[in-house]
Amino acid sequence: MAILQFDVNGEQVSREAGVRARDLVRLPPQTLAVWVNGQTLDVDRPLTEGGQLQFLTFADSAGRHVFRHSSAHLLAQAVKRLWPEAKLGTGPALEDGFYYDIWLPEPLTEADLPRIEAAMRDIVRENLAIERLELSREEALALFHDRGESFKEEIIARIPDDAVISAYRQGEFVDLCSGPHLPETGLIGALRLTQVSGAYWRGNEKNPMMTRIYGTSFPDQESLERYLAQIEEAKLRDHRKLGAQLDLFTFREEAPGFVFWHAKGHAVYRTLEEFSRRLQARHGYQEVATPWVYRVGLWERSGHWDHYRDNLFLIDRDDELQGLKPMNCPGHCLLFKGATRSYRDLPWRLAEYSPLSRYERSGALHGLMRVRGFHQDDAHLFVRPDQIREEMFGVLDLVDIVYRTFEMPYEVVLSTRPDDYMGELALWERAEQELEEVLRARGLKYQINPKDGAFYGPKLDVYAVDSLGRRWQCATAQLDFQLPEKFELEYVDQDGLAKRPVMIHRAILGSIERFLGILVEHYKGAFPPWLAPVQVRILPITDKQLDYARHIERLLSERGVRVEVDERNQKIGYKIREAQLAKVPEMLVVGGRDQDNQTVSLRSREDGDRGAIALTQYVSQVVDRIRMPGFTD
Ligand SMILES: [Zn+2]
Ligand SMILES: [Zn+2]
């Protein structure tokens, strides 16, 4: 028997091939599955190759995935116990839960969910072992035929000849599945079924209608309850709702997926863009603007025509196809090619904020989070291979400044070389090593997604954590060894020879539209003063103070404050409530005495009544409070 070598969290272990992960070392508590050389496996799966091995828990996204997928099996088993004539479709894990599509003679309703939950809890209590079976095609067909699972038979018929067919058994229940799964059902400590809907088998309306049951699950009740409370809070913060309420933006059916920015929303948008623009200028970026319509030949050269055609907006004019740009990279490559570049010109950092268009299915559109027309704080860095390290360090500087400004902690994921990589192996290895060194040098907590990089280069993804603890993938820095090849980009090196630069695609906010949507939810619409659409609202107590109010408005507006006067003939209590609902950071109540004494009575959104203050003093103070963070003017 072959001897395999394992590296288990730095400890070297050697065992015979076929050993189970659970027998290698003492299984840490709450282990859900193992990760061996980039593959997630059951803890009971006999191992056939050595290498890096990690135990996955609920804290790992791969661990959660196994947990939720096993929860889907649990759901299917419970439904089969209650309705033996049910036929199973498929049941995947989702980011925050799972679902299962099941055919039933009578579709289920939400009233059935508590009964199913109770049956699921029974199976958890039984703590059934979950066992993997590997079957020949004939065995698999016979097994699922006997069980009346016609949809599973259909799936088996589509499995390629050379693929391993596997199933997972727990108690009386068997599901066709490639796995991996939890070792036993008892690990699913808390669960909740959330929703029932209909879905056609394989998404085709000619097929039977299945009942889709959604749910979520956690290792313990406390985590489940925290999650459910977070969902309720997220509904209150929904940026589409707050966007309309705060008069920031709307969507209309005349232009699906494109944003109508109202004056207030656009003020926030422009401030956010300006913040990014000033920060990048300070960090040595040059801002350019390139065309947004290109002849199709460019998209063929860049590879978008082969890989991205379905998402391109195309225009057919003068018997020629042209496409709206979904990204800026090819335009920046053309700029690079426009002159002879020397090693001294590098790094060359180009930033661009122009409009981008990507076709998304109308069902995929979601407020500002998923649109068809958007803008990015996009940049491309053309660098020599020896500059990758320093430039990535600089990119992470920007990430840190930006996410600190919004008080969002962040996590970094490094995705490494996939099997179908292109380019020089040595360059890949060096670049990956340098990326890790940069992450360590910055003291960043990071996770590695092995083999998850694009075929053209490794990348860093940054996940920002909002005030509800939700993770949003925003910033990204992608190394690209291929696009410079496709565009035959060259610079003259110190030795006089022509060399290929490496390209780094990077965005810090990502889509500005989407980032704004995230901020609306993160702040629950109460933007910090520098970002607020209206920073100061003046509330005259009677019409007699209107002129004084307009005088203050002029003074503030001249100093760059976004200010408005509530001129309505309403009681002051009503005006204060309205300003509070509009989440205006500062309110100035002005009455007769304020006018006589040239004062204002300040109310802050957070702290309420702050008392009277001399107008001149207020003006100089508020300018400090609305200043863009990190800038002195
Ligand atoms: Zn499964
Ligand atoms: Zn790019």
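A few points about this structure:
- Verdict on Tyr227 being in a strand (DSSP E or B) and either under 18 Å from Leu94 (Cα atoms) or assigned by TED's automatic domain parsing to the domain that holds Ala129 (or both): no
- Unique match (being in contact with a His (Cβ under 7 Å, 6 or more places away or on another chain) and outside the structural domain of His505 (by TED's automatic domain parsing)) among Leu298, Leu312, Leu321: Leu312
- Within the range 437-468, if we keep just the residues that are surrounded by fewer than 16 Cβ atoms within 10 Å (Cβ to Cβ) and small (Gly, Ala, Ser), the residue that is modelled with the highest pLDDT turns out to be Ser467.
- Among the residues here, Asp386 qualifies as within 22 Å of Leu435 (Cα to Cα) and in the same structural domain as Glu429 (by TED's automatic domain parsing).
- Residue in the range 118-139 that is more than 16 Å from ligand 2 (Cβ to nearest atom) and under 18 Å from Met210 (Cα atoms) present: no
- For the range 558-603, residues that are free of Cβ contacts under 8 Å to residues at least 24 places away in the same chain and on the phi > 0 side of the Ramachandran plot total 1.
- Members of the range 43-54 found to be in contact with a helix residue (DSSP H, G or I) (Cβ under 8 Å, 6 or more places away or on another chain) and either assigned by TED's automatic domain parsing to the domain that holds Gly189 or in a loop (DSSP other than H, G, I, E, B) (or both), listed by number: Val43, Asp44, Arg45, Leu47
- The condition (being aromatic (Phe, Trp, Tyr), closer than 30 Å to Met408 by Cα, surrounded by fewer than 22 Cβ atoms within 10 Å (Cβ to Cβ) and modelled with pLDDT of 95 or more) is satisfied by just one residue among Tyr574, Tyr548, Tyr523: Tyr523.
- If the condition is being among the hydrophobic types (A, V, I, L, M, F, W, C), assigned to a loop (DSSP other than H, G, I, E, B) and closer than 25 Å to Met209 by Cβ, then the range 55-105 contributes Trp83, Ala86, Leu94, Leu104.
- Here Asp220 fulfils each of the conditions (1) away from ligand 1 (no atom under 16 Å from the Cβ); (2) in contact (Cβ under 8 Å) with a residue 12 or more places away in the chain; (3) closer than 18 Å to Gly89 by Cβ apart from (3).
- Restricting Asp633, Asp594 to those that are of a type outside the set (Phe, Trp, Tyr) and surrounded by fewer than 17 Cβ atoms within 10 Å (Cβ to Cβ) reduces the list to Asp633.
- Residue in the range 93-112 that is in the same structural domain as Pro219 (by TED's automatic domain parsing) and within 27 Å of Arg417 (Cβ to Cβ) present: yes
- Meets criteria (under 20 Å from Pro501 (Cβ atoms), more than 14 Å from ligand 2 (Cβ to nearest atom), crowded, with 17+ Cβ neighbours inside 10 Å and outside the structural domain of Arg562 (by TED's automatic domain parsing)) for Gln280: yes
- Qualifying positions in the range 144-186 - within 15 Å of ligand 1 (Cβ to nearest atom), assigned to a helix (DSSP H, G or I) and free of Cβ contacts under 8 Å to residues at least 60 places away in the same chain: Phe144, Ile156
- All positions within the range 350-380 that are within 22 Å of Arg277 (Cα to Cα), within 16 Å of ligand 2 (Cβ to nearest atom) and either in a loop (DSSP other than H, G, I, E, B) or among the hydroxyl-bearing types (Ser, Thr, Tyr) (or both): Tyr353, Ser354, Ser357
- Boolean, Glu564 is among the acidic types (Asp, Glu), away from ligand 1 (no atom under 16 Å from the Cβ), within 25 Å of Thr632 (Cβ to Cβ) and modelled with pLDDT of 95 or more: no
- Test: residue in the range 58-74 that is in contact with a helix residue (DSSP H, G or I) (Cβ under 6 Å, 6 or more places away or on another chain), touching a residue at least 60 places away in the same chain (Cβ under 8 Å), of a type outside the set (Asp, Glu) and within 14 Å of ligand 1 (Cβ to nearest atom): yes
- Residues of the range 278-321 satisfying the condition of being free of Cβ contacts under 8 Å to residues at least 24 places away in the same chain and within 22 Å of Glu488 (Cα to Cα): Gly297, Glu300, Trp305, Asp306, His307, Tyr308
- Test: residue in the range 384-398 that is of a type in the set (D, E, K, R), assigned to a helix (DSSP H, G or I) and under 23 Å from His522 (Cβ atoms): yes
The values are calculated or read from the model by the stated rules, or taken from the named source; none is laboratory data. Remember, it's a predicted structure, so these values are computed and weren't measured experimentally. Note that each Cβ is placed from the backbone with ideal geometry, even for glycine, and that neighbours are counted across all protein chains shown.
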